[in-house]
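Asks: Structure in structure tokens, see below.
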There are 2 protein chains.
Amino acid sequence: MDPHLLRTFVAVVRHGSFSAAARQLGYTQSAVSQHIAALETDLGTTLLHRRPVGPTKAGDRLLEHAAPLLLRLDAARADVLRVAGTPPGRLELAMTPLAATPRVAEALAGARRSAPGLQVGVRVEGRQAVVTGVVAGEYTLGLVEGVAAPSDPLRLSEAGNLTHVAVAEEPLAVLLPDDHPLARRAGLRLGDLVDARWIDAPDVAAPLPDLRAAAQSDAPRPSLRYDGTDVTALVTLVAAGHGLAIAPRRVTAGVPGVRAVPLTLPRLVHRTEALHGHDPGPAAAALAAALAFQARP
Amino acid sequence: MDPHLLRTFVAVVRHGSFSAAARQLGYTQSAVSQHIAALETDLGTTLLHRRPVGPTKAGDRLLEHAAPLLLRLDAARADVLRVAGTPPGRLELAMTPLAATPRVAEALAGARRSAPGLQVGVRVEGRQAVVTGVVAGEYTLGLVEGVAAPSDPLRLSEAGNLTHVAVAEEPLAVLLPDDHPLARRAGLRLGDLVDARWIDAPDVAAPLPDLRAAAQSDAPRPSLRYDGTDVTALVTLVAAGHGLAIAPRRVTAGVPGVRAVPLTLPRLVHRTEALHGHDPGPAAAALAAALAFQARP
DNA sequence: TTATCTTACGAGAACCGTAATGATG
DNA sequence: CATCATTACGGTTCTCGTAAGATAA
């Protein structure tokens, strides 16, 4: 099970075609065919059915393992190179949209002041992309956020051996249009809203699956999905009555037509964490330290 | 970064010798030397210093990744073979010592009744060995236990994409010798026992590191380490005054000279979970279902 | 010297591309 | 028949073992 074979396997599945995978990988169709044949012989099973090309049951299982495996392989290489290579005067910072707070900007400014020559790159992406990028060593530091029970760490998949540092915990609020019947309440329970329509905006609000897990029900069902990374767009959608969302209250600041009502049950917070690999270099370490907050017991 | 190279790398580090690793792997010393050289050239760093042989800093980082990587590779193969190969009439059950309860034995008996020809193998091991074995497909079903907050899942490292099924939650008790000043209390808090001497018996009682994590202090410090898997031995050690331990109260049943006082704070339970890969076959699935309990909300 | 790692070199295997063959819609 | 996967074949590269060389205890 050579990683190369696995890589072509996932490429074939993704493209649904041997030839397309070959093009992407810079191989001939023949080579791809031989790769798949090698895998299938090795495992003694057929992994793909052809015409149309798609994974068999066994192939599905392999696929589920292959991607994380390749990711960890990259992570290993990146991790070794990190301690070996000259610690670069660069800081590549990636974060999810809601993690971009003034506090982060200030801490970053502080880091630049104390290391004048520092090259800094900042990037805003979805949560998964941030985690993957940090694991693969593409970014030196990542800021991700999500919902969790108070002082619980975020449950990040594939965040293998990254270091977590708690950066912030904020109360969550239900975002409703101004004229919503519940908009004047002092607090809301998720149970009050089982029949509501929700906007699923995984990158820019509390992801609905996380809420369902926390609420131990399948209550919040999406009526609209928003895939961008622009917070204002989401808030505008809420104001227009497309559905509700749950996010830290601050996102509604300055936007008319929307109210943020504190979420009282389940007891969840919006938590931000900094992620980095082993020894991310002095700049990233200093930044992470500056961002770290003391979790209240 | 061929897996073969990684495998020889970890073997070399483990043995502290190229030649020993070569013997174990069925290679020549030369081949091992070439493997390491290949890795070092590929990564552009020295991974080992020689005479004596040991990992460099970069090598340490690689080592940390290599073992899980190889494990997951085996897991992938096992997982594919599991769905491919004929579902065998075998059930290989592995469990940690405290998971071996009458309830498990009964459920196993039930599984054998409903599948008369079933070949069953049972094995008791340490927690890590059980998890590793299930991941690698060596066992069809694993039962592991540990301490956790009520209705929280166990935090298992390297349990990647295994299915967890809650099997039992039991209250925890502090095990003390009969003549201990606190032995007559109705309940004990961990804070009452900061100065006590503890027995660290990771396989057969609540592992001290888990307790420290839960208590958010470094309080329970070990005075004696017990590495066996025999519960009675631990209880006997407690009775003899070698130190305290935390375990489900039932382990003291019938043993004189020991008392089990309920642990009231932190609020922790002894939790048992069944682990299996995707589609472990009908026998294991039935057994897991029979063991599953309804977690109280 | 002795145990041990490294290097040189050659036989065999593995790998990928070209090109011919086969299968499917 | 056109598209796409498979198979046959050959040159190149890799890999490992043998054997000789280097190096530290």
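The values are calculated or read from the model by the stated rules, or taken from the named source; none is laboratory data. Bear in mind that the values here come from a model prediction, so they are computed numbers and not experimental data. Every residue, glycine among them, receives a Cβ derived from its backbone with ideal geometry; neighbour counts consider all protein chains shown.
Asks: Can you confirm whether B:Val131 is at pLDDT 90 or above and in contact with a Ser or Thr (Cβ under 7 Å, 6 or more places away or on another chain)?
Replies: Considered against the rule, which asks whether it is at pLDDT 90 or above and in contact with a Ser or Thr (Cβ under 7 Å, 6 or more places away or on another chain), B:Val131 comes out as no.
Asks: Which of the following residues is of a type outside the set (Gly, Ala, Ser) and assigned by TED's automatic domain parsing to the domain that holds A:Glu138: A:Pro282, A:Pro256?
Replies: The unique qualifying residue is A:Pro282.
Asks: A follow-up question, please. Search segment A:5-30 for residues that are in the same structural domain as A:Glu64 (by TED's automatic domain parsing) and pair each with any residue that is within 13 Å of DNA strand C (Cβ to nearest atom) and aromatic (Phe, Trp, Tyr) when their beta-carbon atoms are under 6 Å apart and the residues are at least 6 apart or on different chains.
Replies: A:Val12/A:Phe18; A:Gln29/A:Phe18
Asks: Right, B:His164: out of contact with any helix residue (DSSP H, G or I) (no Cβ under 9 Å at 6 or more places or on another chain), in contact (Cβ under 8 Å) with a residue 60 or more places away in the chain and not in a strand (DSSP E or B) or not?
Replies: no
Asks: Something else: For segment B:259-269, enumerate the residues that are in contact with a strand residue (DSSP E or B) (Cβ under 6 Å, 6 or more places away or on another chain) and not small (Gly, Ala, Ser).
Replies: Matches in segment B:259-269: B:Arg259, B:Val261, B:Pro262, B:Leu263, B:Thr264, B:Leu265, B:Leu268, B:Val269.
Asks: Okay, next question. If I filter segment B:1-20 down to residues being of a type in the set (D, E, K, R) and under 26 Å from the mean Cα position of the chain (by Cα), which single residue comes out as nearest to DNA strand C (Cβ to nearest atom)?
Replies: The residue in question is B:Arg14.
Asks: Please note which helices (runs of 4 or more DSSP H) are completely contained in segment B:6-84 and include at least 3 residues that are away from DNA strand D (no atom under 11 Å from the Cβ) and in contact with a Leu (Cβ under 9 Å, 6 or more places away or on another chain).
Replies: Once the helices (runs of 4 or more DSSP H) in segment B:6-84 are filtered for at least 3 residues that are away from DNA strand D (no atom under 11 Å from the Cβ) and in contact with a Leu (Cβ under 9 Å, 6 or more places away or on another chain), what remains is B:57-84.
Asks: In addition: Inside segment B:120-168, can you point out the residues that are under 17 Å from B:Leu108 (Cβ atoms) and either within 14 Å of chain A (Cβ to nearest Cβ) or aromatic (Phe, Trp, Tyr) (or both)?
Replies: Correct list: B:Tyr139 only.
Asks: Identify the residue in segment A:21-35 that is within 11 Å of DNA strand C (Cβ to nearest atom) and within 28 Å of B:Ala78 (Cβ to Cβ) and, among all such residues, is surrounded by the fewest Cβ atoms within 10 Å (Cβ to Cβ).
Replies: Filtering segment A:21-35 for residues that are within 11 Å of DNA strand C (Cβ to nearest atom) and within 28 Å of B:Ala78 (Cβ to Cβ), the one surrounded by the fewest Cβ atoms within 10 Å (Cβ to Cβ) comes out as A:Gln34.
Asks: Answer with yes or no whether B:Leu175 is at pLDDT below 85 and crowded, with 19+ Cβ neighbours inside 10 Å.
Replies: When the stated conditions are applied, B:Leu175 does not pass them.
Asks: Show the residue pairs meeting these rules: Cβ distance below 6 Å; 6+ apart or different chains; first residue within segment A:97-122 and in contact (Cβ under 8 Å) with a residue 60 or more places away in the chain; second residue among the basic types (Lys, Arg).
Replies: Note: pairs meeting the criteria are A:Leu118/A:Arg112.
Asks: From the list A:Ala84, A:Ala78, A:Ala38, pick out the single residue that is surrounded by 14 or more Cβ atoms within 10 Å (Cβ to Cβ), more than 7 Å from every other protein chain (Cβ to nearest Cβ) and under 30 Å from A:Leu287 (Cβ atoms).
Replies: None of the others qualify; the one that does is A:Ala78.
Asks: Quick check: anything in segment B:54-74 over 30 Å from B:Glu273 (Cα atoms) and away from chain A (no Cβ under 14 Å)?
Replies: Yes, because at least one residue in segment B:54-74 is over 30 Å from B:Glu273 (Cα atoms) and away from chain A (no Cβ under 14 Å).
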